[in-house]
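Just so it is clear, none of the values below were taken in a lab; they were calculated from the coordinates. Quick caveat: nothing in here was measured; it's all calculated off a predicted structure. Counting neighbours? That spans all protein chains shown, and the Cβs are built from the backbone with ideal geometry, glycine included.
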Amino acid sequence: MSADTRYRGYDVLDKRDTPSWDAVTRAVIDERLTAADHLPQVATGAAWRVLRALCTCIVPQPADRPAVPLAALLDRRLAANRGDGFRDARLPPLREAWRIGLDALDAESRHGHGRGFADLDDEARIDLLHRVQHGACADPAWRGMPPALFFSHRVLPDLLSAYYAHPQAWSEIGFGGPANPRGYVRMVANRRDPWEPVEARPGEEARAYRENRRVR
Amino acid sequence: MCADARERPRGAHGRAPDVFRRGGWVPMREYDDRDAVDFAIVGTGAGGATLACRLAELGFRVVAFDAGAWWRPLEEFASDEEHQAKLYWTDDRLCDGADPVRLGSNNSGKAVGGSTVHFAMVSLRFRPEWFKARSQLGYGADWPLDWREMWRYYARVERALRIAGPVRYPWGPHRGRYPYRAHELNEAALVLARGAEALGIRWTPTPLATLSAPRGPAHPCVYRGFCVSGCATNAKQSALVTWIPRALAAGAEIRDLAMVGRVAVDGADRATGVEYLREGRWRFQRARNVVVAGYAVETPRLLLLSATGRHPQGLANSSGLLGRYFTVHANQAVWGTMDDEIRSYKGPPSLAITEHWNYADEGKDFFGGYCYMSQGPLPVVWAVTQGGRGLWGKPLRAEMQKYNHQAGLKIVGETLPQADNRVTLADTKDAYGLPVARVTHAYCDNDRRLIAHSMDFMSRALAAAGARDLWRETDDTCHMAGTARMGDDPHCSVVDADCRSWDIRNLWICDGSVFPTVGGVNPSLTIQALALRTADRIAALAGRGEL
Amino acid sequence: MGTHSGHGRLGAGVTAGVAGLALAAWLSGRRAARGTASTEPVRAARACHRSSALLAGSVLADSAMEHERGAYANPAMYVPPLMAALVLLAGAHGGGDARPQRHRVRHAVYGGAMATGVAGTGFHLYNILKRPGRWSWHNLFHAAPLGAPMALLLAGGLGLAAERVRHGRTRVPRLLGRPAGQALGLLVGAGLLGTTGEAALLHFRGAFQHRAMVLPVSLPPLAAAALLHAAVAPPTRRPLARWLLRLVRLLGWLGMAFHTRGIARRQGGWRNWSQNLFAGPPLPAPPSFSALAVAGLAALRLREKRA
């Protein structure tokens, strides 16, 4: 587990075989963990490289653990065409929005830097994304889709919801995770059930790590 | 585990899923399509299921339809936000206007039980004056109902759902004791309480439709916190585990995975039945009465889709108001970071509430009211909320590290009904080949003043409770209403006080669409109270031969 | 800061509590040691010791679990389980002790338990009053329970009574300036009413969702009334009071059986013990009725012997 978490040593998957997880949850999460082997189906070719680069900017991941396969998680969703049940009328449907958006990101990059988005360094990528977020770009490749809206209504919700639906993300932020049939009994401030993560207060990292290794 | 409930209908062959036993079944009466049943009910949420149950218990022959699947919560509801999107209405809808709303997980269910399967269980009564908002408070419209009558129906719903509430409720006229005691408060709720006490206003444990003690085969709440992703404990008193089993026992038939696409009417302006798609085939169920209970988007959509030569603007729309007055609740929040570990993922999300600004009329520069409640977002919702602030990259990761220390207060705020906020049909078609709904929404100045007032007040309350680094979530809405409003005058309303269409007298509407105003509380209890009243009125009318 | 506990300690705490309760239960059922012809005051004293031990067993299990749940946030939270364990041992010793003299160590333990009970009531009252809502139904339901420390107070009181009764210098033992049977009857009657109050509060919290939940709020007050009447009325045989107290003694164990089933009925059942022992009906609570009934029967015997 990475150094940028207050919950070192905690792995929500350690609870997989405890009363906190039921059969249906195990099946659902097991399936999600196979995303690493997913081959791109919708965002393919150049779009796949753009998407991967985009993911590293939106949710930068620490180098000292295997990365959550965020691009694959999104592509799986696009392949299944899982919508939200509503869309801003200015945006095209889910897949089309992403196809246009990834293509336009690449076009903006070539326009401004002479290189594709995936070939930019971090700083240039982030700079470009800030311009998209604030609608300060106008390449014809956007095909009428408002860039800022694409960023706020597709990029952020879709990627953040995919990343924070992954158990590794739950471990990082100290979320208790699945909880059926065993929910919780200690509800008030600064109390945790033995099956919840320990937050490392300054100076107590080693103890918290030991406790977290025992969380079941 | 059984095959996916979305693959083929479960309510068939004389049986239906037993929601209380893994893999279990209960017997279900079935009706032939050609057999004109007394009532065909479209939708099985808070309105449709409640009405189906009561009508069946009153001896009517009832078939209810739902486009969604029939789940067994104990074995099919995962502890997972993403997977449980299977409970939401995720078919496409278009949103526009100056302040486009968000639908889906927020307010739309697609399952037997409707959105009560994933609602937050908050079960509040309207303030009595809201039923006469126009004449007593000077805004919106009057309901054609008396609050004292509604008070009796509220009590009946509260008993039927074993609402867990405080021993004494601090606001409004006397109400009987809630059937079950309030739940233990989590720390997020205590933050609300401390803030309220610091500012000198009252607060209370929220009356919730989730069990605080066993009830028959249903377990009490285990505080797992996945309430709005569906309750795997069966503690949540959704229509799926309350009204529906009762309806089955009383002889109603429920058809899952049955999408109704049209209500048919004859030349005498009488509804004759519904066209519905099930197992890949369009079929027609004959009925003496049709009830539409699809909530404030699907109800007007279905009636608009059912337009005929005699009713070119859609059924029940001679007033031209069908689909208009689409009214939501403002759902803004103030969030902050506490020194303590709050871990608000434990327990139902809204365990504490204050209705102070629903009942206080002094010190307001706006019409209407709001309550606010404590919050318990799970990681996906929380991350998307951070995205809504425009956070991504390293700032986002840093903010997410504070997850267990965050606390927030969120309003359910009354917005004013406006004719130009409306549901219409779009050009786009859905998977059934039917035009999707277009939902147009904008706040008015009064709404903005209410929102500003609430966020200033909640900021003070949260700061007084010890929160730091406050920030505001400014753009959320919840609940929907108004698109088939009830009233006394056929020119100014779609249905009468009995939720009966002015135009087509054997067509009824039973959901939040009929609300002329929304008040500052969650609507589910009022929808169910109205359904109970409608059932009693139907029985009375039938007794007099006036159906 | 998180708790330092893991399942290990959780399990140990629960096991200790349950073992204590089992030991107390065994003691309470034990007859007087063979071969010693005890006088009635000594017999009554030994019953009181057993009653005190059983009550202490209940307190031990309950406080060990509940204070574990509270993460022993205040070191003072270790004291009640510790005192309850000592009272349990004292009761075990006293229950088998046929000598008509008081025992100094036991006496001190009982005094300590009473002091702990008084202090605990204060702590719990403070806990209630510092929470938002202060003196409210909600805090009575969910904050630190007021009745729990009183049970320890009562256990100590019964123990002290036992010491006094066996130490009678006169033929008719006296307690607090009254005939011992009368004083003990008043003490136990009050204890029964207090315990009924706690059961009423908690069963109200549970909305009396099961019919049997009315038993502990209806039977014990009847028994208490009969016992109190026997204590203040002229001494005579009181078959009704005796039968009511016997029923209450049975009710405690029946209640434990009901609570066992209540835990099984919750989501996850006994497999989910680490949650359901805490969130379900409290397993160690009902036997406190049995404990009080044992002492009540002793008081009745004393009273019938005109003591």
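Results, tabulated for the structure shown:
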read-out	value
Angle in degrees between helix C:147-166 and the longest Cα principal axis of chain C, rounded to the nearest 10	20 degrees
Cα-derived Rg to Rh of chain B, Kirkwood definition	0.95
Reduced Cα scattering model of segment C:52-120, Debye log10 I(q)/I(0), q = 0.15 Å⁻¹	-0.48
Mean projected area (nm²) of the alpha-carbon convex hull when chain A is viewed from all directions	13.9 nm²
Distance from segment A:166-190 to segment B:360-420 (C-alpha centre basis), Å	22 Å
Label-point separation, A:Arg65 to C:Trp253 (7 Å along Cα→Cβ), nm	5.3 nm
Per-residue ³J(HN,Hα) for segment C:249-262, Karplus 6.51 cos²θ - 1.76 cosθ + 1.60, θ = phi - 60°, Hz, x for Gly and Pro	4, 5, 4, x, 6, 4, x, 5, 5, 4, 5, 4, 5, x
Tail beyond 18 Å, pair distance distribution of segment C:174-307 (Cα, percent)	54 percent
FRET efficiency, B:Arg310 to B:Trp25 (Cβ-Cβ, R0 45 Å, nearest 0.05)	0.55
Distant-in-sequence amide H partners of B:Val265 (H built 1.01 Å from N, under 5 Å)	B:Thr272
Tensor-based shape of segment B:146-203 (alpha-carbon gyration tensor, a/c under 1.5 rounded, otherwise prolate or oblate)	oblate
Tail weight of P(r) past 54 Å, computed on alpha-carbon pairs of the protein assembly as shown, percent	25 percent
Once the Cα gyration tensor of segment A:1-115 is diagonalised, semi-axes √(5λ) in Å	31, 20, 12
Between segment C:68-138 and segment B:197-222, the alpha-carbon center distance in angstrom	31 Å
Projected area averaged over orientations for segment A:149-196, convex hull of C-alpha atoms, nm²	4.6 nm²
Principal axes of segment C:13-304: Cα extent on each, largest first, Å	55, 39, 36
Inverse of mean 1/r across different Cα pairs in segment B:342-459, Kirkwood, Å	17.3 Å
Segment B:220-368 shape via C-alpha gyration tensor axes, a/c threshold 1.5	oblate
Cα gyration tensor shape of segment B:221-264, rounded if a/c is under 1.5, else prolate or oblate by comparing a/b with b/c	oblate
Calculated FRET value between A:Arg210 and B:Arg389, using beta carbons and R₀ = 41 Å, to 0.05	0.70
Charge dipole magnitude, Cβ of K and R +1, D and E -1 - segment B:284-385, Cα centre, debye nearest 20	960 debye
4 °C / 1.567 mPa s Stokes-Einstein diffusion coefficient of segment C:133-247, Kirkwood radius on C-alpha pairs, µm²/s	82 µm²/s
Residue-by-residue Karplus 3J(HN,Hα) for segment A:207-216, coefficients 6.51, -1.76, 1.60, Hz, glycine and proline x	5, 4, 4, 4, 4, 5, 5, 9, 5, 9
Cross-link partners of B:Lys402 among aspartates and glutamates (Cα-Cα below 14 Å; sequence separation of 8 or more within a chain)	A:Asp4, A:Glu172, A:Glu199, B:Asp339, B:Asp340, B:Glu341, B:Asp469
Calculated log₁₀ intensity ratio I(q)/I(0) where the Debye formula runs over C-alpha points of segment B:1-95, q = 0.25 Å⁻¹	-1.45
Computed Kirkwood radius, in angstrom, where 1/r is averaged over Cα pairs of segment B:53-144	16.8 Å
Calculated diffusion of segment B:81-129, Stokes-Einstein form, Kirkwood radius summed over Cα pairs, 25 °C and 0.890 mPa s, µm²/s	194 µm²/s
Cα centroid separation, segment A:43-67 to segment C:215-255 (Å)	75 Å
Among C:His142, C:His259, C:His103: highest mean-square fluctuation, GNM of chain C, C-alpha pairs under 10 Å	C:His142
Inter-probe distance in nm under a simple model that places probes 7 Å from Cα toward Cβ, at A:His113 and A:Gln41	3.1 nm
Backbone HN-Hα couplings from phi across segment C:228-234 [Karplus 6.51/-1.76/1.60, Hz, Gly and Pro as x]	4, 4, 4, 6, 9, 7, x
Nonlocal amide H pairs with B:Asn289, under 5 Å, H built at 1.01 Å	B:Phe39, B:Ala40
Listed residues B:Thr534, B:Ala67, B:Val290: farthest to the positive end of the dipole of the protein assembly as shown (Cβ charges)	B:Thr534
Proportion of all alpha-carbon pairs of segment B:66-213 beyond 21 Å (%)	63 percent
Global size of segment B:391-540 as Cα Rg and Dmax, reported in angstrom	20.6, 64
